Amino acid sequence: MIRNVTVYIDNNPGEIENTFRCGFIVTENIDGEENYFNDLIDQSEYYLLRDLVSDIAGILKVRKRDIMVNA
């Protein structure tokens, strides 16, 4: 079971102005083990962080409040 999720934003600017992309994601389970995901989200560009968080919450089946974005 996933305890928390950290999302790291891609440092490269998106192709569309004022957008951002997910760089990689780190999940931590209840035992403290971490898993890294480089391609969980494709190169989709987002205007709002909440949209990215919603997509990740749906894919990983976690609560939105368990997701932290490191921008």
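The values are calculated or read from the model by the stated rules, or taken from the named source; none is laboratory data. Small disclaimer: the values here were computed from a predicted structure and weren't measured. Please note: Cβ atoms are built from the backbone with ideal geometry, for glycine as well, and neighbour counts cover all protein chains shown. All accessible areas refer to the heavy atoms of the entire protein, side chains included, with ligands and DNA or RNA removed. Shrake-Rupley method; radii C 1.70, N 1.55, O 1.52, S 1.80 Å.
Answer yes or no as to whether R3 is assigned to a strand (DSSP E or B), of a type in the set (K, R) and open to solvent by 80 Å² or more (accessible area, probe 1.4 Å). Against the criterion (assigned to a strand (DSSP E or B), of a type in the set (K, R) and open to solvent by 80 Å² or more (accessible area, probe 1.4 Å)), R3 qualifies. In region 43-71, how many are open to solvent by 100 Å² or more (accessible area, probe 1.4 Å) and either more than 12 Å from I2 (Cα to Cα) or under 11 Å from the mean Cα position of the chain (by Cα) (or both)? Adding up the residues that qualify gives 7. Taking every residue in region 42-65 that is farther than 17 Å from V26 by Cα and pairing it with any residue that is open to solvent by 70 Å² or more (accessible area, probe 1.4 Å) and among the polar types (S, T, N, Q), at least 6 positions away or on another chain, the pairs with Cβ-Cβ distances below 7 Å are Y47/N18. Scanning region 6-39 for residues that are at pLDDT 90 or above and not in a strand (DSSP E or B) yields D10, T19, R21, I30, D31, G32, E33, N38. Can you report the number of residues in region 16-33 which are farther than 17 Å from K61 by Cβ and either touching a Lys or Arg at 6+ places or on another chain (Cβ under 6 Å) or open to solvent by 80 Å² or more (accessible area, probe 1.4 Å) (or both)? Of the residues in region 16-33, 5 are farther than 17 Å from K61 by Cβ and either touching a Lys or Arg at 6+ places or on another chain (Cβ under 6 Å) or open to solvent by 80 Å² or more (accessible area, probe 1.4 Å) (or both).
Being open to solvent by 100 Å² or more (accessible area, probe 1.4 Å) and of a type in the set (S, T, Y) is the requirement here; does Y36 meet it? It is true that Y36 is open to solvent by 100 Å² or more (accessible area, probe 1.4 Å) and of a type in the set (S, T, Y).
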